[in-house]
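Asks: To start, I am sharing the structure in question, which I have written as structure tokens.
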Amino acid sequence: MRVSRLLTHTMRNNPSEADTPSHRYMLRAGMVMQIASGIYTYLPLAWRSIKKIETIIREEIEMAGGQEVRMPVLQPIELWEETGRKQAFGDTLFSLKDRRGRGMVLAPTHEEVLSQIGKSYVQSYRDMPLIIYQIQTKFRDEPRPRAGLIRAREFDMKDAYSLDVNEKSLDQNYQRMAIAYRNIYRRCGLPAIMVEADSGAIGGKESHEFILPAATGEDTIITCSSCEYAANLEKAVSNYPTLPPSELLLLEEIHTPGVTTISGLEKFLKVDRQQILKSILYMVDKGIVAVVIRGDLEVNDVKLGNVLMAKELRLADSAEIRSAGLIPGFVSPVGMTAIRWVGDNSIKLGQNYVAGGNKADLHFKNINWSRDFTVDQLVDIAEVNESGLCVNCNSPLQSLKGIEVGHIFKLGTFFSEKLAVNFLDQEGKNQPVIMGCYGIGIGRLLAAAIEQNHDEKGIVFPAPIAPYSVHLVGLNLHDEDVINSSDSLYGSLWEDGIECLFDDRIDESAGVKFNDADLMGFPIRVIVSRRTMANGNCEIKFRNGSDSNTVSLTEATAFIKQMLATIN
RNA sequence: CGGGGCGUAGCGCAGCGGUAGCGCGCUUGGUUUGGGACCAAGAGGUCGCCAGUUCAAUCCUGGCCGCCCCGACCA
């Protein structure tokens, strides 16, 4: 393609609606165009990248045994009522009516229809294992679309589903997909990290996310500095540095006028926050639940919600706390058996704690687990932080922001039981199919790649997913010789299968062309100008390198091929 | 849905009672051409929508719609 013919042109100003790097650069480079919140047109440059990502995905999923299908986006709502997911998705589900008034949805994912396929075509244990996949547009009326393609309402996803006769076979398919995922990210040039993940509402067992580290990421993950342990913050567990045990001292009351916070207590009593027990009140599905945790730790709401099997969970306000007979700022489990208490494991890791006195302006000193209080449930609900130690090898943990670019999931029989997707086993008994599902957001993967690979001038594309491999810049194009030479180099690159964008604009200054090339960020830049032409040469450099090579025009194509071989 | 911000030319912004301006981009002509050139002449706007106040509304008031950011959700 020639820049003079390329649809759209670059923007010099940052569009005000974008403040995430990938969103900004994709708009400025003319890759995408917004139509409504979370809804985008892919322009030619983005679409070329998308197609490359899709090709890599198809190759790897096929290698793992996947078979491609194409399921409808438009689906009858009854299917979603049967599985209860109409409720589960709630307002996120785009729904509409057909001319006869029949309820329809624009599918946010495809387990229901996939199950219909399973129902019709899987009858015997001999029909499995299976991996079925598609690349299809999904619709989710997100509460808040954000950051361009990172979180859109209409987006393309590769979704795969495994069907197996038993857990062991599911494990094998799951493993195959995990390997395929690792290959996909590696081939896209993206170092995604596989982490243990929360399995969410659909009571699945095992689940992993693939996270691409990026400052603007929505997710936080915890990784071990020395072993393979890695988990989403919502799932992560850790050990804590052990405190030296001390003798249990006698419980004391202390007058603490107006001291209602952990930091306040630290200063007032000159104790470390590890010596304090923190009590927090939650409203859980309209009932109050009290939580107690060591003062240096925070409660992770997702972990707490999972323990309580809660649908809705939020902090209680001070009126709700008072109406439960508690005084905000002075709450503790000591003598407070009337309400439900959930304790974090950390409360057993020390002795002689400071805790609320359950009266205004009063705290207790030397509180000890079991002697002075108990809880209804003692569980792990602490949010892991960098002071934690790895549960596998006791090494320090690190926390890291990233973008979720893939999620794999053991579904079990959630759908097969609801939709009666059964098969006959070897004994002739009817069994529900064991399912798994595996997703990659394609547009998000592109955005995440840019999020991770850019500088102050623009995108720095990983070679395998760049719209073009080579950005050929012609300068001094009033000169017939330069036109002819750059034009023939352009032709010979394509003849050798090297995808090239040719900046053939005659009236644009060199600076404009260089800046546009930096913005679009293809891996290799080639310059042909009157100056290089004097010796029959061109200049070749990497987008992200400063060294420029002077190469004769006749050898340029071979030279570029070699360069590409080093980065693809 | 809660909190915050913003809707004026393709993009970025100014104007704030008297019907609109700047920079970039765009068009034409000319001079330029190795890191966002210059001169000249142009094109381009129901000032988000609907009511109200006023002799007069882009500007004031109210409502609605849209977009962005922070929180609960996810590929």
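Asks: Please compute the length gained on full extension between A:Ser399 and A:Ser120, using 0.36 nm multiplied by the number of residues separating them and subtracting their Cα-Cα distance. Walk me through the numbers on the way to the answer.
Replies: On the way: separation 279, 0.36 × 279 = 100.44 nm, distance 4.60 nm.
Extending this stretch completely gives an extra 95.8 nm.
Asks: If you bin the C-alpha pair distances of chain A every 20 Å from 0, what whole percents do you get?
Replies: Once binned at 20 Å, the Cα pair distances of chain A give 18, 39, 31, 11, 1.
Asks: Still on this structure, please answer the following. Keeping all protein chains in place and using 1.4 angstrom, which order do A:His407, A:His9, A:His23 fall into by accessible surface area, from largest down? Before the final figure, lay out the partial values.
Replies: Working: A:His407 40, A:His9 145, A:His23 10 Å².
Ranked from most to least accessible, the order is A:His9, A:His407, A:His23.
Asks: Considering the zone a paramagnetic label at A:Val379 would reach in this model (a point 7 Å from Cα along the Cα-to-Cβ line), which residues of the range A:287-307 have amide N under 20 Å from it?
Replies: Of the residues in the range A:287-307, A:287-295, A:297-307 have backbone N under 20 Å from the label point off A:Val379.
Asks: Still on this model: Checking the a/c ratio against 1.5 first, then a/b against b/c, what shape does the Cα gyration tensor give for the range A:127-236?
Replies: Taking the square roots of the gyration eigenvalues as a ≥ b ≥ c, the range A:127-236 is oblate.
Asks: May I ask you to list the chymotrypsin sites (Phe, Trp or Tyr not before Pro) in the range A:378-419 that are in a DSSP loop and have at most 10 other Cβ atoms within 10 Å of their Cβ?
Replies: Here no chymotrypsin sites (Phe, Trp or Tyr not before Pro) fit, given the DSSP loop and packing criteria.
Asks: Turning to a different aspect of this structure: Antiparallel versus total DSSP beta bridges in the range A:468-567: what percent is that, nearest 5?
Replies: Antiparallel bridges: around 45 percent, rounded to the nearest 5.
Asks: Report the calculated FRET efficiency for A:Asp91 and A:Ile193 (r = Cβ-Cβ distance, R0 = 41 Å), to the nearest 0.05.
Replies: The calculated FRET efficiency here is 0.80.
Asks: For A:Lys561, go through the lysines and keep the ones whose alpha-carbon is under 21 Å away, minus same-chain ones fewer than eight residues off.
Replies: A:Lys52, A:Lys541
Asks: Using alpha carbon centroids, what distance separates the range A:206-274 and the range A:310-372, in Å?
Replies: 17
Asks: Then there's this: Sort A:Glu495, A:Glu417 from largest to smallest accessible area, using a 1.4 Å probe on the heavy atoms of the protein chains.
Replies: Working: A:Glu495 155, A:Glu417 120 Å².
Greatest to least solvent exposure: A:Glu495, A:Glu417.
Asks: How high is the FRET efficiency from A:Gln67 to A:Arg2, r the C-beta distance, R0 35 Å, rounded to 0.05?
Replies: 0.35
Asks: Right, next: Quick check on chain A: of the DSSP beta bridges with both residues there, what percent are antiparallel, nearest 5%?
Replies: 80
Asks: FRET efficiency for A:Arg12 and A:Asp127, Cβ-Cβ distance as r, R0 = 60 Å, nearest 0.05? Walk me through the numbers before you get to the answer.
Replies: Values: r = 58 Å, r/R0 = 0.97.
Computed FRET efficiency for A:Arg12 and A:Asp127: 0.55.
Asks: For the pair A:Ala510/A:Ile339, report the inter-label distance in nm, with labels modelled 7 Å from Cα in the Cβ direction.
Replies: 7.3
Asks: Just name one of A:Ile222, A:Thr137, A:His471: the one whose Cα is farthest towards the positive end of the charge dipole of chain A (beta-carbon charges, Lys/Arg +1, Asp/Glu -1).
Replies: Checked the options; the winner is A:Thr137.
Asks: Given A:Ile35, A:Pro21, A:Leu489, which one lies farthest toward the positive end of the charge dipole of chain A, if we put +1 on the Cβ of every Lys and Arg and -1 on the Cβ of every Asp and Glu?
Replies: The Cα lying farthest towards the positive end belongs to A:Ile35.
Asks: What pairs in A:Lys205/A:Lys418; A:Lys138/A:Lys418; A:Lys97/A:Lys138; A:Lys51/A:Lys138; A:Lys86/A:Lys158; A:Lys235/A:Lys359 have C-alpha atoms more than 26 Å from each other?
Replies: Cα-Cα > 26 Å for A:Lys235/A:Lys359; rest within.
Asks: Would you tally the net charge around A:Glu266, using a Cβ to Cβ cut-off of less than 9 Å, leaving A:Glu266 out, and scoring K and R as +1, D and E as -1?
Replies: Residues near A:Glu266 contribute +2 overall.
Asks: If you stretched the chain out fully between A:His255 and A:Ser37, how much longer would it get, using 0.36 nm times the residue separation minus the C-alpha to C-alpha distance?
Replies: Extending this stretch completely gives an extra 73.0 nm.
Asks: Would you kindly state the longest site-free stretch of chain A, with sites defined as trypsin sites (Lys or Arg not before Pro) in a DSSP loop (not H, G, I, E, B) surrounded by at most 15 other Cβ atoms within 10 Å?
Replies: After excluding every exposed loop site, the longest remaining stretch is A:458-568.
Asks: Along the Cα-to-C-beta direction of A:Thr137, a point sits 7 Å from the Cα; which residues of the range A:27-58 have their amide N less than 17 Å from that point?
Replies: Within reach of a label on A:Thr137: A:32-44, A:46-48, A:50-51.
Asks: Report the GluC sites (Glu not before Pro) located in the range A:451-485 that are in a DSSP loop and have at most 15 other Cβ atoms inside 10 Å of their Cβ, or state none.
Replies: Details: sites: A:Glu451, A:Glu456, A:Glu480; in loops: A:Glu456.
Answer in residue order: A:Glu456.
Asks: In debye to the nearest 20, how big a dipole does chain A give about its Cα centre with +1 on each Lys and Arg Cβ and -1 on each Asp and Glu Cβ?
Replies: 660
The values are calculated or read from the model by the stated rules, or taken from the named source; none is laboratory data. As the structure is a computational prediction, the values presented were derived from the model and not from experiment. As a convention, Cβ positions derive from the backbone with ideal geometry for all residues, glycine included, and neighbour counts pool all protein chains shown. Protein only, heavy atoms only, side chains kept; ligands, DNA and RNA dropped before computing areas. Shrake-Rupley method; radii C 1.70, N 1.55, O 1.52, S 1.80 Å.
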